[in-house]
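Undergrad: Pasting a structure below so you can have a look.
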Amino acid sequence: MQQIFNFIFKNSYRLLFLLLLGISLSLTIQAHSFHKSKVISSANFLSGGVYSQLNSIDEYFSLRSKNEELATENARLKSVLFNRIDSLDLDKIDTIRGIKKIDVIVSKVIHNTYNSPENYLTLNSGSNDGVAVDMGVINDLGIVGIIEKTSPRYSTVLSVLNIKSKINAKFKKSNHFGSLEWNGKNTGYVQLIDVPRLASTIRKGDTVVTGAQSRIFPENINIGTVYKIYIDDKTNYYTIDVKLFNDMTNLGHVYIIKNNEREELLQLENDTKKNE
């Protein structure tokens with residue numbers, strides 16, 4: 001306390017000057033509208049800048065929840081899209097079962113490998129969330145892989161960058177189809193093999209999508225574009241390098257496709273084969 005008194009005593013003239021200066025400025029501002037408007041304008045500018053920075057910080061820390069909200073909304077929209085029959089019937093419901101034919105589960109990649117011949121991803125969703133083996137996994141850009149194994153809270157995905165992966169795919173403009181595989185070389189490209197020579201109109205840049213014969217992915221999910229075209233001398237079929245839309249080394253939120261009619265279709269096809 002004594003130090004405070006000593007400080008005030010030693011700086012009494014300066015403190016008095018500052019006090020009088022403050023009073024005079026206050027009286028001047030109150031008495032003149034021009035000065036008053038300038039002070040208010042400056043105060044608003046400073047406070048606005050502070051609030052803007054605080055808001056930016058708040059938005060940064062809320063990005064995670066916002067991203068999750070957007071992913072959930074995207075999943076709902078994708079579910080509507082996959083279940084549409086035409087543009088006038090966007091929300092088709094299976095009246096027999098009372099559920100949609102295709103549902104979408106939001107998940108997030110928590111581990112991803114892409115530098116070996118057999119690559120896998122790990123998702124933070126499992127059987128407790130309705131995830132099961134052989135469900136397709138996509139994101140906003142295209143296909144990612146197929147569910148390989150599940151636990152109650154997690155699941156692993158057979159990546160499209162896996163030499164064991166085989167997916168039915170076709171050309172968007174012609175409907176000629178083949179089998180999508182990976183040769184284990186480049187993470188940005190996969191190969192579409194067994195494409196018939198009748199597909200002679202294929203050109204570089206053509207879009208490749210999932211085919212109608214897939215029992216895992218809905219038809220017309222994006223995969224990539226034609227990059228190079230070869231003729232396999234052994235089979236006389238085309239082999240095509242497809243440049244993926246997805247950057248498989250940088251994946252975040254994904255969508256797991258649940259096809260509620262898959263088991264029925266597989267059972268029907270198996271029964272048909274047995275009767276042949």
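Undergrad: For the range 99-152, what is the accessible area per residue in Å², given a 1.4 Å probe and the full set of protein chains?
TA: Working: 2440 Å² over 54 residues.
Accessible area per residue, the range 99-152: 45 Å².
Undergrad: I've got another one for you. Using the crude model of +1 on Lys and Arg Cβ and -1 on Asp and Glu Cβ, and no other charge, please compute the dipole size for the range 157-265 relative to its Cα centre, in debye to 20.
TA: Charge dipole of the range 157-265: 240 debye, to the nearest 20.
Undergrad: Just in the range 103-170: which trypsin sites (Lys or Arg not before Pro) are loop by DSSP and have at most 15 other Cβ atoms within 10 Å?
TA: Sparse-neighbourhood loop trypsin sites (Lys or Arg not before Pro): 153, 164, 166.
Undergrad: Here's a follow-up. Starting from the Cα-Cα distance between residue 149 and residue 19, subtract it from 0.36 nm times their residue separation and give me the gain in nm to one decimal.
TA: Here the segment from residue 149 to residue 19 would lengthen by 39.3 nm.
Undergrad: Follow-up. Please sort by residue number the trypsin sites (Lys or Arg not before Pro) in the range 196-260 whose DSSP state is loop and whose Cβ has at most 16 other Cβ atoms within 10 Å.
TA: Sparse-neighbourhood loop trypsin sites (Lys or Arg not before Pro): 197, 203, 204, 215, 234.
Undergrad: Now a separate question. Would you mind telling me the share, in percent, of accessible area of the range 113-238 contributed by carbon and sulfur at probe 1.4 angstrom?
TA: 48
Undergrad: Please turn the phi angles of the range 207-219 into ³J(HN,Hα) values with the Karplus equation 6.51 cos²θ - 1.76 cosθ + 1.60 (θ = phi - 60°), one per residue in order, whole Hz, x for glycine and proline.
TA: 7, 10, 10, 5, x, 6, 7, 6, 9, 10, 9, x, 5
Undergrad: Scan around residue 195 for amide H atoms under 5 Å from its own, H built in the peptide plane at 1.01 Å from N, and keep only partners 5 or more places away or cross-chain.
TA: 238
The values are calculated or read from the model by the stated rules, or taken from the named source; none is laboratory data. Here the structure is a predicted model, which means the values were calculated and not measured. For neighbour counting, all protein chains shown are included, and Cβ atoms are generated from backbone atoms with ideal geometry for every residue, glycine included. SASA here: full protein model, heavy atoms, side chains in, ligands and nucleic acids out. Shrake-Rupley method; radii C 1.70, N 1.55, O 1.52, S 1.80 Å.
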